[in-house]
1. Calculate the spin-label point distance for Glu238 paired with Ile221, positioning each point 7 Å from the Cα along the beta-carbon direction, and give it in nanometres.
2. Take the Cα of Ser265, step 7 Å along the line toward its Cβ, and report every residue of the range 69-112 whose backbone nitrogen sits under 13 Å from that point.
3. Given the Cα-Cα distance of Asp19 and Arg38 and 0.36 nm per residue of separation, how much length would full extension add, in nm?
4. Which whole-number percentage describes the relative contact order of the range 115-184, with Cα contacts under 8 Å and a sequence gap of 6 or more?
5. At a Förster radius of 35 Å, what calculated FRET efficiency corresponds to the Cβ-Cβ distance of Leu171 and Ala51, to the nearest 0.05?
6. Treating only the Cβ atoms of Lys and Arg (+1) and Asp and Glu (-1) as charged, compute the dipole magnitude of the range 199-251 about its Cα centre; round to the nearest 20 debye.
7. Starting from the Cα-Cα distance between Arg162 and Asp122, subtract it from 0.36 nm times their residue separation and give me the gain in nm to one decimal.
8. So, in nm, how far is label Leu11 from label Leu63 when the simple model puts each one 7 Å beyond its Cα toward the Cβ?
Amino acid sequence: MIRINENFTKLQASYLFADIARRVSAFQEANPQTRVIRLGIGDVTEPLPPACVEAFHKGVYELASRETFRGYGPEQGYAFLREAIAQNDFQARGCEIAADEIFVSDGAKCDTGNIQEIFATDIRVAVPDPVYPVYVDTNVMAGRTGPAENGRYAGLVYLECRPDNNYTPALPSEPVDLIYLCFPNNPTGATASREQLKAWVDYARENRAIILFDAAYEAFIRDPEIPHSIYEIDGAREVAIEFRSFSKVAGFTGTRCAYTVVPKSLKAWDTAGG
Ligand SMILES: *Cc1c(COP(=O)(O)O)cnc(C)c1O
């Protein structure tokens, strides 16, 4: 008898989106003149920039002729792209990240969702609240939580983000192994200062934890004091994986291109302590 993965039945996401849709339509019925700006699911409103459109056209023509056709690309992504990323997004900001630590992908959603598969199922996971739902749902499906009660899954450590802490969570009061952080944040817009990120990096180093740092909105930072990458913090190379995406900065939500940075000095352990 083939059985389903019953962890999937714990998921609450469909209830959330159904609830948002119900509230929006009730509001619109009651306020037909009001224009609603929907912030429920993030998408962009601007088209691809001309440089990208031109490069896409060129790429299609390359694939259309026998002389220049390429099949599957290298599994970590094309070297020219990984080198440009390492140089312009990291080395130019003083971060010691090499091209062979960059993994190009089809979306930061997929990457932030899939990455948890490499960790044990009995680790303690901390997520900010509110949070980008992908981090939570993939851990639920993987069986790292109990059922949901009052909108929270048993077994997850929730890091409160509220007006009184400026939507930047405090360090957890109980030990955790895997910490999801997203700055600038979706949905709150909060940013993290160098000192705040340093506190997380120090925590992770002291507790042998790993930080999954989602920097999908990095390009929107204007304040020169705010770090763009967690690797601007000393020691982050040992404890942090960073996710970036072209979706929001370059209108790529319909085309999808992203990358994940996994430094060679990042550490996690097996049961033998190795
Ligand atoms: C939009 C978004 C992503 C997804 O990016 P894709 O590369 O389009 O998958 C990841 N993280 C956050 C916080 C986002 O808002």
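1. The modelled label-to-label distance comes out at 2.2 nm.
2. 95-98
3. 5.5 nm
4. Relative contact order comes out at 41 percent.
5. 0.25
6. Details: 6 positive and 10 negative charges, 48 e Å.
Dipole size: approximately 220 debye.
7. That works out to 11.6 nm of additional length.
8. So the two model labels end up 2.8 nm from each other.
The values are calculated or read from the model by the stated rules, or taken from the named source; none is laboratory data. Everything quoted here is computed from the prediction, not taken from an experiment. Neighbour counts are summed over all protein chains in view; Cβ atoms, including those assigned to glycine, are modelled from backbone coordinates with ideal geometry. SASA here: full protein model, heavy atoms, side chains in, ligands and nucleic acids out. Shrake-Rupley method; radii C 1.70, N 1.55, O 1.52, S 1.80 Å.
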